[in-house]
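**Q** Would you mind keeping the following structure in view while I ask a few things?
Read-outs throughout are calculated quantities, based only on the coordinates presented, and are distinct from any laboratory measurement. Since the structure is predicted, the reported quantities are computational estimates derived from the model, not experimental observations. Virtual Cβ from ideal backbone geometry, glycine too; neighbours counted across all protein chains shown.
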Amino acid sequence: MSRMTSLSTKHLLGIKDITLEDINLIFQTADNFKEVINRPIKKVPSLRDVTIANVFFENSTRTKLSFELAEKRLSADVINFSASSSSVKKGESLVDTVSNILAMKVDMVVMRHPNPGAHIHLARHVDCSIINAGDGAHEHPTQALLDAYSLRERVGDLKGLKILIVGDILHSRVALSNVFCLQKLGAEVRVCGPATLIPKHMESLGVKVMLNFEEALKWCDVVNMLRIQMERQDIQYFPTLREYTMQYGLSRELLYKVGKKDIVVMHPGPINRGVEITSDMADSEFSIILDQVENGVAIRMAVLYLLAGDASSN
Amino acid sequence: MDIRTLLDHTALSQTLDRLAYQIYERHLDFEDVALVSLQPRGVELGRRVHERLKKLSGEEMIHHGELDITFYRDDFRRRDGVLVPAKTNLDFSIEGKEIVLIDDVLFTGRTVRSGLDALLDFGRPANVELLVLIDRRYSRELPVQPDYTGRTVDVVKDERVQVEWSENDKNNRVTLFSEQND
């Protein structure tokens with residue numbers, strides 16, 4: 001008989017709450033799903049008796065697409081719900097909204113919500129597995145998992161690897177989840193960006209802040225370029241976009257200027273070409289951006305499969 | 001615990017020879033034949049049958065793949081924890097091929113059912129045969145019968161058949177355990 005296993009958690013709320021063993025189990029399972037999605041028939045029947053609700057209180061294109069594809073490739077039944085077309089507008093509470101969905105015999109909920117911690121609140125009040133697809137500027141666990149997985153695929157073991165996250169750290173859930181995930185895997189993480197876009201608590205997480213991009217670039221093996229979130233620039237965090245690009249934009253010229261011959265370039269998307277990264281760099285031999293997208297489906301299949309499979313938590 | 005040997009090393013080796021001969025006899029032309037072993041327990045058996053078949057037929061290129069059926073099992077969500085999947089490795093097209101599906105012990109037939117589903121997701125073979133080393137009679141839960149059988153045994157439900165492959169290939173055996181419950 002094969003080996004039995006399970007995750008240490010019933011939900012995936014954030015990377016902070018899961019163990020290194022969990023991360024490795026997800027990666028190992030994702031390897032198998034990556035093989036599945038490269039078959040002629042890219043589908044397995046594992047979750048055929050599972051119904052999953054994708055509940056999005058905030059806009060998302062690729063995460064929602066990626067989750068939905070992962071669910072369908074596991075043969076789950078999928079229902080989609082978005083806040084713009086719902087009774088949330090009529091004043092219904094989060095717990096009521098989700099309880100109503102669950103009353104229709106839904107087994108798992110994938111949720112994105114603008115409020116940090118919304119998932120933790122929900123997990124205390126409803127009885128089903130919840131997967132966080134992004135909560136405010138808090139966590140985005142599946143993104144961090146697919147980032148680390150793609151990186152591991154390119155460079156091997158992440159132990160001792162120097163990873164730099166650049167840009168709008170303040171509004172980024174990707175940055176925080178990435179920090180937790182990469183540190184658990186033994187990598188060293190630093191952040192870089194305008195001082196106004198770096199939250200004060202970074203140092204307390206063991207993450208060094210660097211304000212000079214050229215210096216930071218010299219230090220790192222891997223650079224993860226975050227998008228400037230135009231929709232969250234409620235106040236003026238930096239003078240102009242052009243100035244931001246001059247100081248924190250990644251280009252081949254800059255790479256050569258600091259004397260870097262080899263680097264891995266990541267981006268969680270969507271890319272603002274010509275702002276945080278030049279078109280040339282985004283499509284270069286250094287980039288693993290499209291691997292990240294492909295691996296996203298495999299990682300999400302692994303998470304759904306592992307959470308759905310444990311009968312004791314159903 | 002009571003342990004009984006069903007096949008010792010010599011008997012097992014002769015059985016493998018016979019199984020290879022039987023496949024050889026039925027097929028003769030091996031261009032369109034492929035062996036597919038079920039992960040994890042059919043793989044060691046499949047490798048040995050494959051080696052013998054290559055020697056016997058003089059063909060160097062007989063396809064041999066490994067198929068993992070974890071995602072096709074019918075007991076998902078019905079047990080505590082999940083099974084760790086193994087690798088699927090089918091680097092040839094099964095379209096139009098004559099497939100010999102290989103597993104070590106045929107018990108309830110559920111694994112073979114999953115195996116057929118998994119296999120058919122890779123294409124439409126011309127036909128599929130089943131080879132098992134040990135056929136546990138009277139324990140089937142699904143209508144599955146083997147085409148090639150190493151040894152047929154009659155055992156009760158709480159007895160376990162175990163196939164052991166030693167590292168140097170010098171001490172392989174098949175044993176029968178019965179776990180006494182007091």
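**Q** Within 10 Å of each candidate Cβ there may be at most 15 other Cβ atoms; applying that plus a DSSP loop requirement, which chymotrypsin sites (Phe, Trp or Tyr not before Pro) in the range A:35-84 survive?
**A** For chymotrypsin sites (Phe, Trp or Tyr not before Pro) across the range A:35-84 that sit outside H, G, I, E and B with at most 15 neighbouring Cβ atoms in 10 Å, the list is empty.
**Q** Let's test this: bin the Cα-Cα distances of the range B:1-159 at 5 Å from zero up to the farthest pair and state each bin's percent.
**A** 2, 9, 18, 21, 21, 16, 9, 4, 2, 0
**Q** Same structure, new question: Round to the nearest 0.05 the FRET efficiency obtained for residue A:84 and residue B:10 when R0 = 56 Å and r is the Cβ-Cβ distance.
**A** Working: r = 73 Å, r/R0 = 1.31.
Taking R0 as 56 Å, the efficiency between residue A:84 and residue B:10 is 0.15.
**Q** Just counting partner chain Cβ atoms within 10 Å, what average do the residues of peptide A:142-148 show around their Cβ?
**A** Mean number of neighbouring Cβ atoms from other chains: 0.
**Q** Tell me what chain A gives for mean residue ellipticity at 222 nm when only DSSP H runs of n ≥ 4 count, each as -39,500 (n - 2.57), the sum divided by the residue total, rounded to 500 deg cm²/dmol.
**A** -11500 deg cm²/dmol, from helical runs alone.
**Q** Let me ask something additional. When A:149, A:237, B:24 are ordered from fewest to most other Cβ atoms inside 10 Å of their Cβ, what list results?
**A** Sorted ascending by nearby Cβ count, the order is B:24, A:237, A:149.
**Q** Place +1 on the Cβ of every Lys and Arg and -1 on the Cβ of every Asp and Glu in the protein assembly as shown, take the dipole about the Cα centre, and give the residue among A:37, B:144, A:195 whose Cα lies farthest towards its positive end.
**A** Going by the charge dipole, the pick is A:195.
**Q** Which values, in whole Å and largest first, are the semi-axes of the equivalent ellipsoid of the range A:1-116 obtained as the square root of 5 times each eigenvalue of the Cα gyration tensor?
**A** On the way: eigenvalues 153, 63, 40 Å².
Those come to 28, 18, 14 Å.
**Q** For the range A:124-255, take the alpha-carbon Rg, divide it by the Kirkwood Rh, and send me Rg/Rh.
**A** When Rh is taken as the Kirkwood radius, the ratio is 0.99.
**Q** Using only the Cα atoms, work out Rg/Rh for the range B:20-92, with Rh taken as the Kirkwood radius, to two decimals.
**A** Using only Cα positions, Rg/Rh for the range B:20-92 is 1.10.
**Q** Continuing with the same structure: Residue by residue through the range A:122-137, what is 3J(HN,Hα) from phi via Karplus (6.51 cos²θ - 1.76 cosθ + 1.60, θ = phi - 60°)? Round to whole Hz and write x for glycine and proline.
**A** Working through the residues one at a time gives 5, 4, 6, 10, 10, 10, 6, 6, 10, 10, 7, 9, x, 10, x, 9 Hz.
**Q** Return the loop-located GluC sites (Glu not before Pro) in the range B:95-179 (DSSP other than H, G, I, E, B) with at most 14 other Cβ atoms within 10 Å of their own Cβ; answer none if there are none.
**A** B:95, B:141, B:167, B:179
**Q** Cross-link candidates for residue A:257: which lysines have Cα within less than 19 Å, leaving aside residues fewer than 8 places away along the same chain?
**A** Filter leaves A:218.
**Q** Give a quick list of trypsin sites (Lys or Arg not before Pro) in the range A:9-109 that DSSP marks as loop, anything other than H, G, I, E or B, with at most 15 other Cβ atoms within 10 Å.
**A** Of the trypsin sites (Lys or Arg not before Pro), the ones in loops of the range A:9-109 whose Cβ has at most 15 other Cβ atoms within 10 Å are A:42, A:43, A:48, A:105.
**Q** I need the Debye-formula profile for the range A:190-314: one equal scatterer per C-alpha, no solvent, reported as log10 I(q)/I(0) at q = 0.11 1/Å, two decimals.
**A** -0.48
**Q** Another question, if that's okay. Rounded to a whole number of µm²/s, how large is the Stokes-Einstein D of chain A at 4 °C and 1.567 mPa s, given Rh as the Kirkwood radius over C-alpha pairs?
**A** Translational diffusion coefficient: 64 µm²/s.
**Q** Based on other C-beta atoms within 10 Å, arrange A:210, A:4 from fewest to most.
**A** A:4, A:210
**Q** Add -39500 (n - 2.57) for each DSSP H run of 4 or more in chain B, then divide by its residues: what number comes out at 222 nm, to the nearest 500 deg cm²/dmol?
**A** -8500 deg cm²/dmol
**Q** Looking at this model, which pairs from A:162/B:87; A:43/A:105; A:43/A:159; A:43/A:64; A:10/A:90; A:162/A:184 are more than 22 angstrom apart at the alpha-carbon?
**A** Working: A:162/B:87 31 Å; A:43/A:105 24 Å; A:43/A:159 34 Å; A:43/A:64 18 Å; A:10/A:90 31 Å; A:162/A:184 13 Å.
Pairs exceeding 22 Å: A:162/B:87; A:43/A:105; A:43/A:159; A:10/A:90.
**Q** Order of A:119, A:138 from fewest to most other C-beta atoms within 10 Å?
**A** The most exposed by this proxy come first: A:138, A:119.
**Q** Something else about it: Suppose R0 equals 45 Å. What FRET efficiency, 1/(1 + (r/R0)^6) with r the Cβ-Cβ distance, do residue B:151 and residue B:95 give to the nearest 0.05?
**A** 0.85
**Q** Name the residue farthest towards the positive end of the dipole of the protein assembly as shown from the options B:28, B:118, A:15, assuming +1 on Cβ of Lys and Arg, -1 on Cβ of Asp and Glu, about the Cα centre.
**A** Most positive-ward Cα: A:15.
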